[in-house]
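The values are calculated or read from the model by the stated rules, or taken from the named source; none is laboratory data. Owing to the predicted nature of the structure, the values given are computational and were not obtained by experimental measurement. Neighbour counts run over all protein chains shown; Cβ positions are idealised from the backbone, glycine included.
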Amino acid sequence: CWPKDDIVSDIIKLPCQLVHKPRRLPCGNVPDQSEIRLTFTLAENILAQHRTRPQKLVYLIAKGMFYKHLKVDIQGQHFSSYFLKTAMMWMLEQTEPDEWNLHKERPWVMVRQLFEKLCGYLDQNRLPYYFIPSVNILSEYSAEVLTSSRSRLCSLLENFEDLLPSQT
């Protein structure tokens with residue numbers, strides 16, 4: 001499955017990094033400018049390089065649809081594309097390679113599955129951080145942002161076939 005053991009061995013040798021990144025707060029609230037967080041960007045980049053061509057295409061299509069249909073600001077907060085990236089990493093780990101190969105000519109099938117997976121995380125109000133699964137990356141977002149994002153995502157899924165390019 002994904003990622004392969006040798007890739008995991010290489011990744012665990014990498015350092016994580018500390019970056020200045022204040023928590024997102026609703027509009028009007030001033031974030032603590034001294035906040036830092038861990039980032040695993042080096043590991044994320046290696047994992048991205050080891051996706052197959054169909055997996056890369058699925059993520060590219062999903063990200064385009066995300067920016068067109070799901071990214072919206074609500075009181076100074078927005079549903080981050082990092083949620084999509086995290087859901088994709090979990091989907092890569094939990095989906096058999098044969099499934100990706102089965103749908104490589106029809107990437108929309110897997111794009112839909114990715115959005116359904118993201119919707120499931122929103123239903124639970126819990127999206128585990130890929131590198132530290134005990135951390136819920138949805139926890140710093142307001143209920144209003146999560147509810148609105150889930151509503152937009154459900155609408156996208158309900159109208160998914162209408163959003164696909166025509167086959168003419």
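Exactly one residue out of VAL111, VAL58 is over 22 Å from ILE7 (Cα atoms) and of a type outside the set (D, E, K, R): that is VAL111. Scanning the stretch 130-168 for residues that are under 14 Å from the mean Cα position of the chain (by Cα), in a loop (DSSP other than H, G, I, E, B) and either at pLDDT below 90 or surrounded by 17 or more Cβ atoms within 10 Å (Cβ to Cβ) (or both) gives TYR130, ILE137, LEU138. Within the stretch 112-126, is there a residue that is among the acidic types (Asp, Glu) and either within 26 Å of ILE12 (Cβ to Cβ) or not in a helix (DSSP H, G or I) (or both)? For the stretch 112-126, residues among the acidic types (Asp, Glu) and either within 26 Å of ILE12 (Cβ to Cβ) or not in a helix (DSSP H, G or I) (or both): absent.
Matching residues to (1) under 28 Å from THR147 (Cβ atoms); (2) touching a Pro at 6+ places or on another chain (Cβ under 9 Å); (3) not aliphatic (A, V, I, L, M):
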position: PRO54; (1), (2), (3): no, yes, yes
position: LEU57; (1), (2), (3): no, yes, no
position: TYR67; (1), (2), (3): yes, no, yes
position: LEU70; (1), (2), (3): yes, no, no
position: ASP73; (1), (2), (3): yes, no, yes
position: HIS78; (1), (2), (3): yes, no, yes
position: TRP90; (1), (2), (3): yes, yes, yes
position: GLU93; (1), (2), (3): yes, yes, yes
position: TRP100; (1), (2), (3): no, yes, yes
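Within the stretch 91-108, if we keep just the residues that are surrounded by 15 or more Cβ atoms within 10 Å (Cβ to Cβ) and of a type in the set (A, V, I, L, M), the residue that is farthest from GLU161 (Cα to Cα) turns out to be LEU92. In the stretch 90-106, the residues that are among the aliphatic types (A, V, I, L, M) reach residues that are in a helix (DSSP H, G or I) and crowded, with 16+ Cβ neighbours inside 10 Å with C-beta atoms within less than 6 angstrom, at least six apart or across chains, in these pairs: MET91/LEU114; MET91/LYS117.
If the condition is being without any contact (Cβ under 8 Å) to a residue 60 or more places away in the chain and buried (at least 16 other Cβ atoms within 10 Å of the Cβ), then the stretch 64-79 contributes only PHE66. Can you spot a residue in the stretch 133-144 that is over 18 Å from HIS69 (Cβ atoms) and β-branched (Val, Ile, Thr)? Yes; the residues of the stretch 133-144 include at least one that is over 18 Å from HIS69 (Cβ atoms) and β-branched (Val, Ile, Thr).
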